[in-house]
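These notes concern the structure reproduced below.
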Amino acid sequence: MASPALSGLGPLTWPTSILLPMMAALLVAAPVFIQAPWVRTAPMGATLFTVPLVGLALLLERRGQGVWHELGVLLVGFSGSWLAGCLFWGWLRLHPALHLPVEAFALPLAVAGLGGRWRLAGSFYLSSLLGTAATDAAMAISGLIDLWPRVLEAPLEEAPLLLQNAAQSVLAPGPLTAVVMIGALLVGISAQLWKSGRIGQVGAATLATTLAVDGLFLGAALVAPRLSGLL
């Protein structure tokens, strides 16, 4: 029985095969426009936001009906990614080697969740983590990992040019080939996941959106570094 507090949340009539992947894509894109600037200005506030986020997720999961219930499960996975992002970008952003380990802090929980009621949460978190791993691998192969701290530590007037130069180095034949191959691999994985049902479709949407966001970031770093979200 639905909670009275949620009685105003009527049923969502869109097919879950469309709605859930759309929600997953939105949750991947949201940190770029919300979390990134928030963490830069108030890392503790952004981190503490995890608490009401988890509260909303559990309320929807336990009391919501239909898609609202599944959105709650999805938000649990997103909460893990949100917290990891806040911890890294708030306090550890100058140490790129820690990026993936911090993002993977909930890996055991996500894997365990795939076998029960938290499958959507696990699918989102693991797909987001795979996207992060692919991004970090592309940066390492392209030689950008060493430039990462330099860009973030540079004075505000110098950082955009450093970021633009770093992005231009990706366009060299070797790094570009590696980036394209990693991108093609993610597209192939997304295509296979999409065929495996709604849980896989959430993972596919998460991976595909991660790839799109990375492309947007690279484009912004090339033509408008201050709008990239990193500075």
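The values are calculated or read from the model by the stated rules, or taken from the named source; none is laboratory data. This is a predicted model, so every value here is computed, not measured. No Cβ is skipped: glycine too gets one built from the backbone with ideal geometry, and neighbour counts run over all protein chains shown.
Filter region 183-231 down to the residues that are of a type in the set (S, T, N, Q) and either over 19 Å from TYR125 (Cβ atoms) or touching a residue at least 24 places away in the same chain (Cβ under 8 Å) (or both) and list them by number. Scanning region 183-231 gives GLN201, THR206, THR209, THR210, SER228.
Among residues of region 171-182 that are in contact (Cβ under 8 Å) with a residue 40 or more places away in the chain, those with a beta-carbon under 9 Å from a residue that is among the small types (Gly, Ala, Ser) at least six positions away or on a different chain give the pairs ALA178/ALA137; ALA178/ALA138; ALA178/SER142; VAL179/ALA138; VAL179/SER142; ILE182/ALA134; ILE182/ALA137; ILE182/ALA138. Can we say LEU92 is within 17 Å of TRP38 (Cα to Cα) and of a type in the set (A, V, I, L, M)? It is true that LEU92 is within 17 Å of TRP38 (Cα to Cα) and of a type in the set (A, V, I, L, M).
Just checking, which of LEU75, LEU53, LEU60 is of a type outside the set (Lys, Arg) and surrounded by fewer than 22 Cβ atoms within 10 Å (Cβ to Cβ)?
LEU53
In region 139-155, the residue that is farthest from LEU218 (Cα to Cα) out of those that are loosely packed, with under 14 Cβ neighbours inside 10 Å and in contact with a helix residue (DSSP H, G or I) (Cβ under 9 Å, 6 or more places away or on another chain) is GLU153.
Determine, yes or no, whether SER3 is within 25 Å of LEU211 (Cβ to Cβ), modelled with pLDDT under 95 and hydroxyl-bearing (Ser, Thr, Tyr). No: the conditions fail for SER3. Kindly indicate which of PRO101, PRO43 is out of contact with any helix residue (DSSP H, G or I) (no Cβ under 6 Å at 6 or more places or on another chain) and closer than 27 Å to MET139 by Cα. The conditions single out PRO101. When region 208-231 is filtered for residues that are loosely packed, with under 14 Cβ neighbours inside 10 Å and closer than 16 Å to SER169 by Cβ, the ones remaining, listed by number, are GLY219, VAL223.
Each residue in region 93-143 was checked for being within 14 Å of the chain's Cα centre (by Cα), in contact (Cβ under 8 Å) with a residue 40 or more places away in the chain and either closer than 25 Å to GLY66 by Cβ or outside any helix (DSSP H, G or I) (or both), and 8 pass.
Taking the numbered list (1) buried (at least 18 other Cβ atoms within 10 Å of the Cβ); (2) of a type outside the set (D, E, K, R); (3) without any contact (Cβ under 8 Å) to a residue 40 or more places away in the chain; (4) touching a Ser or Thr at 6+ places or on another chain (Cβ under 6 Å) in turn, ALA84 passes all entries but (4).
Return yes or no: is SER127 at pLDDT below 90, of a type in the set (Ser, Thr, Tyr), in contact with a helix residue (DSSP H, G or I) (Cβ under 7 Å, 6 or more places away or on another chain) and closer than 27 Å to ARG40 by Cβ? Here the answer is no, as SER127 does not meet what is asked.
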